[in-house]
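Chemist: My questions will all concern the structure given below.
The values are calculated or read from the model by the stated rules, or taken from the named source; none is laboratory data. Keep in mind the model is a prediction, meaning the values are calculated, not measured. Backbone-built Cβ (ideal geometry, glycine too); neighbour counts: all protein chains shown. Ligands, DNA and RNA are excluded from the accessible area calculation, which covers all protein heavy atoms including side chains. Shrake-Rupley method; radii C 1.70, N 1.55, O 1.52, S 1.80 Å.
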Amino acid sequence: MGKDDVSTKKRRKLNTTSSENTKQSPTDIYKRVIEFEETEAQLRSAEKDSALFKKICQDVRQLFADIAELKAKGTDEAKEKITAKRIEASLHLVALKKLNRLEKVRTRAGRDALHKEKQRVDSTHLLLQNLLYEADHLNKEVTKCLQFKSKDEEIELISLEEFYKDAPTEISRPEITKADEHQLQLARLEWELRQRRELAGACSELVASKERVAAAIAAARSRLDALAPHLKDVLKATKPLQECLALRLDEKRDETRAATLLSPPLFLLYANANAYSDALGSKNISVGISGDEDEARRLDQLSNVESELVVSNDSDSDQENNDEDQRDSKKKRHHRSSKISKEEKAEAKKKEVLKKHPLNVQVTITNSDGTALNLIFSYMIHLKIVVVKFTMNFPKPITGVSAADVLNGDCVLNELYVGDTGNDSPHPATAYLLKAAGISENFPHFIPEVGKPYIWAQRMCGLDFMAVSVDTQKCNKNFLPCQSLSVASVENFIFTLKKRLRARIDLMKELQDLECGKVLPAKGLSCPVRLSGSLTQWQTVSWHEYSQALSTSFVISEGLVTPDNMLYRAIITRQSAKLVAMVAVSSDYPKQAPIFSLTLHWNGTHHVGTSDDIRDIERVINTDWQNTEKKQCTLSTQMMKLLTCLDVLLETMGSSEFPPDKVMLQSIRGRNRMKPYKYLKQGTGIFVQY
Amino acid sequence: MLDKMLYNTILSQAYSPCGKYLVAGNIYGQLAVFDLDNIFNPVVEQITSDYNKPKHIHSLESGSQICSLVSTDKFLIAGTVNEISGWDWKAILSSKLSKPSWTIKIQPQSMIEKCDINCLWYKEDEGKLYAGCGDNKIYAYNLEDGSLVSTYEGHSDFVHCLHSNGQQLISAGEDGLVLLWDLRVKKSYNKIEPHTNSKIARPDIGKWVGAAALGDDWIVCGGGPRLSLWHLRSLDAVTVFDIPDHGIHVSFFQDDCVFAGGAAEHLYQLSYSGDVRVELPVSATTVYSAVYRTSPHKVLAIAGSSPEIDICTSFNYRDQVLHFR
C-alpha cells in the first residue's frame, strides 16, 4: 500500500525533510519509507488532514462538475480543460490516496499503541490479581493460625492460685512463668500431666483390690449355699433328741409353715393372736391353724400364675378369655343339655363366689372358771371378708333354759362393740359381687352356712372397711390388711371378749337363780326387810311377745329396747296380786342396766300408761334418780327392789288383804300421792318418799 | 340406767305476767321456762328443731320437788318442800338462776318429815299468799314482809288444793274433806265430804279429794270420789259427772263449763248438767296441772306425769306438745 508514493505531486504537497539516500537496498528503502510515513503521520495533525480531505473532495467534486459541464459543451477547449481538470482531479485523487494512507498509518499506529497499552494493563492487572490472591491466602493463613486452638487448651487445669500453691517450684518456676504466659501455660500443663499420672496409678490399684474383694464374696456365697442341705440334716438328727426332751419345736415349725400359706388377713390375725397367746399364757388364749394345707398350696400357686399372666398381658388375655367363653357357650348351645348346664353353672358360680380359703385360724379364749369360746376365722377369697364361726365349751352343764341361751355363742358375741351385730357384710362391694355372680339373695342369707362377718373380726385381720367409703371403684384393691390396725384390735378384742364372757357367766348364774325363783341380793348387801312377794316365773320371751305387752309400748316408742336385747318375763306374785315384769337385758349387761316394764294385775290392770303408781315404781327401778350407791345395778338387785316396791305399794292401798307390815313415815305424800319406796336405815328401818 | 327425764312428772305450771312464757316445775326440783312466742308467732326462718323444748331449765339448789307455782306481777313464787321461794321474773327468764329474792321457811314436825307446799293462792288486793301444806294446815303470809298472818287448821291429812273467789277459800284434802273458809276466821265454817255420798264415792280409789274450785254459786270437787257439782249455799250434790277416770286432780270453772282432769286419758270439758262437751286427749298418765290464759293468746297448758306438756288453743283438740326434757 504504501509502495506507490513515488509521485512528485505528493512530494510537492508533502514537504518533508527526507534526506535519505535512495540507493540503499530495497528493504532498507522499504523500512525507511515506512519510518518516514510513520513519522509523517505523527507530525501532521489529524484535523488539518481531515479538513484537507474535505477540501480536496470538494475540489474533486467541483472538478467533476466542471468536467461534466465541459463535457456537455463538448468543445476542444473544453477537452483540454477537461484533460487539465482530469489531471487535476487525478492529482487530487493522489492526494486523497496519500491522505487515506496517512489516515491508515495513523490508525494503525493508534491501534498499535492501544494494543500495547492494553497488554500492559493486562499484565498489570494480572499482577494485581496475583498479589490480591496471595494477600488473601496469607490472610487466611494468618487467621487460621490465630484461631488455632491447641489441644492443650481443652485440658482443665487447676486455677492459678492453686497451681502456685501446690506445684513444686521446679515446675512452677514462678519467676519465669509469672512474666511469660507461654511458659506459665507449659508449666501448668506439666504439673497437670504429673498429677494425672499419679491418679491413674491409684485408680488401677483400687480396681484391682475391688476385684479381689468380689472374688472373696463369691467364694463365701458358694459356701453358704452348700450350707443349707447340711442344716437340714442337722435338724433331722435333732428329732429324736426333741422327742426325748419333749420340745414342740417341730410342731411349731409346721405351724409356721402352715402360717405362711395363710391368706394375708388371716396371717396378721394369727401372728398377733399368737403373740398374745405367748404373753398371756395358753390357758387364757390359744391359737391354731386348721384346714387343708395342700389345697392352700395349690391355691397359692394358682394365684401366682394368674398374677403373672395379668402382669404380662392384661387386655389381650381378657379378650382371649371372652372369645373363648363365647366359643364355649356357642358349642354348649348346640348341645341339648344346655338347661342343666345353666343351673350347674349357677351353682358352681355361687360356690365359687362363696369360696373360703382352705386354711382357717382357730382362736380359743378361756375364762378362769373353764368356760371357753372357740372362734374359727375363715377368709372368703372373692368377697374378701373374714367370717367367724364359734362353739362354746362349758366345764359344767348349765341348768335352766334361759340361762343356757345367754351363753349361746351367738348371744355372747352379739354387739360386742356397739352396733356390730354381724348380720351383714361390712364390705361395701359384697352386694355388687353377689349380683355379678348372679346370686339373687343378699349376704345375710348365707350367714348360717359361712359364718358371721363381724366387724371386729375384719379389724383384727387388719381389714378396715370404714376407711374407704367414698371410692367404690377401687374397692377390690384398697382393702389390704393393715398391720397396726390388727395389733390394736386383737388386744382390744381379747380383753373385751373376756370381760364379756365373765359378765355373761355372771348373768347366766343370776338367771339360773331367777329361774328357780330365788332372788338373791348382791354379795355384801342383805335384804333389809321381809319381802312377802315372791318370784314365781322367769322365762325368755320373743320380741313378738315382748312388743305385744301394753306396758312395753312406752320403752319401745322411746327406742330404748330393740330386738337385739335379751328379753324375759318375770311374774311376781303376792296373794292375789300379780306383777308381770317384761325385762330387757342389753348385750352390754351389766354396763347397761336392764329395763323393766311393769303391769300389775290387782283390782284391774295397771301399767305405766294408766297408773302413776306403776310409773313411779318403774322410775325407781329403771332410773338412777337419787341413787346413792354407785355400784352397777345387777338383775338381782333390781328384782329385790321390785319386790320391795310391790310390797310397799300393796300395803299402802289400804286394802285388808295386805296389812301394813313395813314402817312408813307417811304412806302417801304430795299431790301426786307418792308411796314411800326409799328405805332409810334409821332405827329399825323406815320407808320414806323419794 | 335410763334417764330420769323419761319419767318426768310436772306438778305445777304458771304463766309469766306478760303471758309470753310458761314456767313448769317438776318433781326433780327443776323449773323449765318455755317461750310461747315460738309456738304462737313462729318466725319461719328461725325455727329450730328444739322450738318446743324449754328455753331454760333451772335446777333448784335443794333439788326437792316443786309442788306449786303461782305468778305475781313481780315474782314467780314456788312452793317446794319445807319452803316457799320467790324469784324475780327477770331472774327466771335469764339463763342462770340466782338465789331466790326471798324465802319463807316452814318448820316441819320432825327432822325427817317433809312438808310439801302443795298449793298456793295469791290474793292480789291484800298482797297475801295462802299456802296449803303437807302438815295439814293452810298458812297465810304477808308478801310485803314475809310474816305469817294466820294459820287455818282443820284438815287431818295433807291439803291437796286451794281455791278462792275473793272472800271465801275452799280447800280439799287427803282426808276426804272439802272445807270452806272465811278468810277472817281461823276455823272453817262449812265442809263437804264427797266420799260419804254413795253416788259419788269410789272406795277402791280412795276418799281423798284432789281438786276443788269455787264458782259463783257452785263448788266442783273430785278426787277419789267422782267429780261432782255442789251448790254453794245448800251444799247439795247437784250433778255427778260420769267420767271414766281413776282420780281427779284438776278441776276448775271456766266460761260456764267445768274442766276436769286427773288419772284419765282425757281432760274433760263438761257442762253444768253433766254432758261431756269436749274430751281433750292428754299425753300424761295423770294430769296434775292445767292452767288457762286468755291474753295475749287463748291457751290451755296441761301437764302431769309425763315429760310432755299439751298446749291447746281452741279447746277441741291438742294443738302443740312441749317437751320438758
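Chemist: For segment A:126-264, what's the radius of gyration and Dmax over Cα atoms, in angstrom?
Modeler: 37.6, 122
Chemist: Also, quick follow-up: Contour minus end-to-end for residue A:204 and residue A:226, with contour as 0.36 nm per residue of separation and end-to-end as the Cα-Cα distance?
Modeler: Numbers: separation 22, 0.36 × 22 = 7.92 nm, distance 3.39 nm.
Answer, rounded to one decimal: 4.5 nm.
Chemist: Let me ask another. Using the Kirkwood radius over Cα pairs, work out the Stokes-Einstein diffusion coefficient for chain B at 4 °C and 1.567 mPa s, in µm²/s as a whole number.
Modeler: Working: Rh = 19.9 Å.
In µm²/s, the coefficient rounds to 65.
Chemist: Looking at B:215, B:155, B:201, which one has the Cα that reaches farthest to the positive end of the dipole of segment B:115-243 (charges on Cβ: Lys, Arg +1; Asp, Glu -1)?
Modeler: Comparing the listed Cα positions along the dipole, B:201 ranks first.
Chemist: Which percent of the Cα-Cα distances in segment B:12-60 go past 12 Å?
Modeler: Details: 740 of 1176 pairs.
Roughly 63 percent, once rounded to a whole number.
Chemist: Can you tell me how much longer the chain between residue B:144 and residue B:3 gets when fully stretched, taken as 0.36 nm per residue apart minus their C-alpha distance, in nm with one decimal?
Modeler: On the way: separation 141, 0.36 × 141 = 50.76 nm, distance 4.09 nm.
This chain segment gains 46.7 nm when fully extended.
Chemist: Using the beta-carbon distance between residue B:235 and residue A:548 and R0 = 60 Å, what value does 1/(1 + (r/R0)^6) give for FRET efficiency, to the nearest 0.05? Walk me through the numbers on the way to the answer.
Modeler: Numbers: r = 49 Å, r/R0 = 0.82.
Efficiency for this residue pair is about 0.75.
Chemist: Could you tell me the calculated FRET efficiency between residue A:90 and residue A:125, based on Cβ-Cβ distance and R0 = 30 angstrom, to the nearest 0.05?
Modeler: Working: r = 51 Å, r/R0 = 1.69.
Efficiency, from the Cβ-Cβ distance: 0.05.
Chemist: So if each residue of separation counts as 0.36 nm, and I subtract the Cα-Cα distance between residue A:118 and residue A:64, what length gain in nm does that give?
Modeler: On the way: separation 54, 0.36 × 54 = 19.44 nm, distance 4.50 nm.
Roughly 14.9 nm would be gained on extension.
Chemist: What does the charge add up to near residue A:564, with Lys and Arg as +1, Asp and Glu as -1, over the other residues with Cβ less than 13 Å from its Cβ? Don't skip to the answer; put the middle values down first.
Modeler: Details: positive: none; negative: A:410, A:415, A:420, A:588.
It works out to a net charge of -4.
Chemist: Quick one: if you stick a label point 7 Å off each Cα along the C-beta vector at residue A:75 and residue A:401, how many nm between them?
Modeler: Simple spin-label model gives 19.9 nm for this pair.
Chemist: What does the structure give for A:662-669 when I average, per residue, the other chain Cβ atoms found within 10 Å of the residue Cβ?
Modeler: Working: counts 0, 0, 0, 4, 7, 0, 5, 10.
If you average over the peptide's residues, the count of other-chain Cβ atoms is 3.
Chemist: Say a paramagnetic label sat at a point 7 Å from the Cα of residue A:367, along Cα to Cβ; which residues of segment B:1-15 have their backbone N under 14 Å from it?
Modeler: No residues fall inside that zone.
Chemist: If r is the Cβ-Cβ distance from residue B:105 to residue A:382 and R0 is 56 Å, what FRET efficiency results, to the nearest 0.05?
Modeler: Details: r = 78 Å, r/R0 = 1.39.
Using R0 = 56 Å, I get an efficiency of 0.10.
Chemist: How would you rank A:100-107, B:115-122, B:72-79, highest first, on the average number of other Cβ atoms within 10 Å across their residues? Can you show the working numbers first?
Modeler: On the way: A:100-107: 16.2, B:115-122: 23.9, B:72-79: 21.4.
In decreasing order of mean packing, A:100-107, B:115-122, B:72-79 become B:115-122, B:72-79, A:100-107.
Chemist: If each Cα of segment A:540-598 is one equal point scatterer, what is log10 of I(q)/I(0) from the Debye formula at q = 0.24, 0.26 Å⁻¹?
Modeler: -0.95, -1.08
Chemist: Ok, one more. Treating each Cα of segment A:492-617 as an identical point scatterer and ignoring solvent, apply the Debye formula and state log10 I(q)/I(0) at q = 0.13, 0.17, 0.18, 0.21 Å⁻¹.
Modeler: Those come out to -0.60, -1.00, -1.10, -1.37, one per q.
Chemist: I'd like the carbon and sulfur percentage of the solvent accessible area for the protein assembly as shown, probe radius 1.4 Å, heavy atoms only, ligands and nucleic acids excluded. List each step's numbers first, then the result.
Modeler: Numbers: 29450 of 55670 Å².
It is 53 percent, rounded to a whole number.
Chemist: If only Cα atoms are counted, what is the Rg of segment A:568-615, and what is its Dmax, in Å?
Modeler: So, for segment A:568-615, Rg and Dmax equal 12.3, 37 Å respectively.
Chemist: Going Cα to Cα from residue A:149, which lysines come in below 21 Å? Please leave out same-chain ones fewer than 8 positions away.
Modeler: Partners within reach: A:140.
Chemist: Shifting gears a bit: With label points built 7 Å along Cα→Cβ from the Cα atoms of residue A:484 and residue A:682, find their separation and express it in nm.
Modeler: Computed distance between label sites residue A:484 and residue A:682 equals 6.0 nm.
Chemist: So, one more: Per residue of A:602-614, count partner chain C-beta atoms within 10 Å of its C-beta, then hand back the mean as an integer. The partial results should precede the final answer.
Modeler: Numbers: counts 0, 2, 2, 0, 1, 1, 3, 3, 6, 6, 12, 3, 1.
Per-residue shielding by partner chains comes out at 3.
Chemist: Please list A:64-71, B:95-102 highest first by mean number of surrounding beta-carbon atoms within 10 Å per residue.
Modeler: Result, highest mean Cβ count within 10 Å first: A:64-71, B:95-102.
Chemist: Let me ask something additional. At 1.4 Å probe size, with no ligands or nucleic acids counted, give the accessible surface of residue A:544 in Å², nearest ten.
Modeler: 120 Å²
Chemist: Hey, what number do you get for the protein assembly as shown at 222 nm if only DSSP H runs of n ≥ 4 count, each worth -39500 (n - 2.57), divided across all residues, to the nearest 500?
Modeler: -13000 deg cm²/dmol
Chemist: Mind checking the log10 I(q)/I(0) for segment A:45-155 at q = 0.11 Å⁻¹? Debye, one equal scatterer per Cα, no solvent, two decimals.
Modeler: -0.64
Chemist: Ok, one more. Over 22 Å between C-alpha atoms is what I'm after, so list which of A:678/B:4; A:350/A:389; A:662/B:105; B:137/B:199; B:53/B:90; A:518/A:675 land there. Let's see the in-between values first.
Modeler: Numbers: A:678/B:4 16 Å; A:350/A:389 20 Å; A:662/B:105 31 Å; B:137/B:199 29 Å; B:53/B:90 20 Å; A:518/A:675 26 Å.
Listed pairs above 22 Å: A:662/B:105; B:137/B:199; A:518/A:675.
Chemist: Would you work out which of A:107, A:174, A:184 lies farthest towards the positive end of the dipole of segment A:100-259? Charges go on Cβ: Lys and Arg +1, Asp and Glu -1.
Modeler: A:107
Chemist: Kindly flag which residue pairs out of B:128/B:187; A:681/B:114; B:123/B:207; A:356/A:452; A:681/B:99 have an alpha-carbon separation exceeding 25 Å in this structure. Walk me through the numbers before you get to the answer.
Modeler: On the way: B:128/B:187 18 Å; A:681/B:114 17 Å; B:123/B:207 29 Å; A:356/A:452 13 Å; A:681/B:99 33 Å.
Distance filter (> 25 Å) returns B:123/B:207; A:681/B:99.
Chemist: Percentage of Cα-Cα pair distances in segment B:266-325 greater than 16 Å, rounded to whole percent? Don't jump to the answer; show the numbers that get you there.
Modeler: Working: 761 of 1770 pairs.
Of the Cα pairs, 43 percent sit more than 16 Å apart.
Chemist: Across the Cα atoms of segment A:236-298, what radius of gyration and what greatest pairwise Cα-Cα distance (Dmax) are found, in Å?
Modeler: 13.5, 37
Chemist: Also: Within 10 Å of each Cβ in B:63-76, how many Cβ atoms from other chains are there, averaged over the peptide?
Modeler: On the way: counts 1, 0, 7, 0, 3, 1, 0, 0, 0, 0, 0, 0, 0, 0.
Per-residue shielding by partner chains comes out at 1.
Chemist: Can you divide the C-alpha Rg of segment B:196-325 by 2.2 N^0.38 Å and report the result to two decimal places?
Modeler: 1.02
Chemist: Are there trypsin sites (Lys or Arg not before Pro) in segment A:528-574 that DSSP puts in a loop and that have at most 14 other Cβ atoms within 10 Å, and which ones? Mind showing how you got there, number by number?
Modeler: Details: sites: A:530, A:569, A:574; in loops: A:530.
Loop-located and lightly packed - A:530.
Chemist: To continue, here is another question. Once you put a point 7 Å from the Cα of residue A:196 and another 7 Å from the Cα of residue B:193, both along the Cβ direction, what distance in nm separates them?
Modeler: 13.8 nm
Chemist: Let me check I have the definition right: for the protein assembly as shown, take the eigenvalues of the Cα gyration tensor, multiply each by 5, take square roots. What are those semi-axes in whole Å, largest first?
Modeler: Details: eigenvalues 3612, 614, 222 Å².
Equivalent-ellipsoid dimensions as semi-axes: 134, 55, 33 Å.
Chemist: Further, regarding this structure: Which whole number in µm²/s is D for segment A:193-235 by Stokes-Einstein, with the Kirkwood Rh taken over Cα pairs at 4 °C and 1.567 mPa s? Mind dumping the intermediate values first?
Modeler: On the way: Rh = 13.1 Å.
Taking Rh from Cα pairs, D becomes 99 µm²/s.
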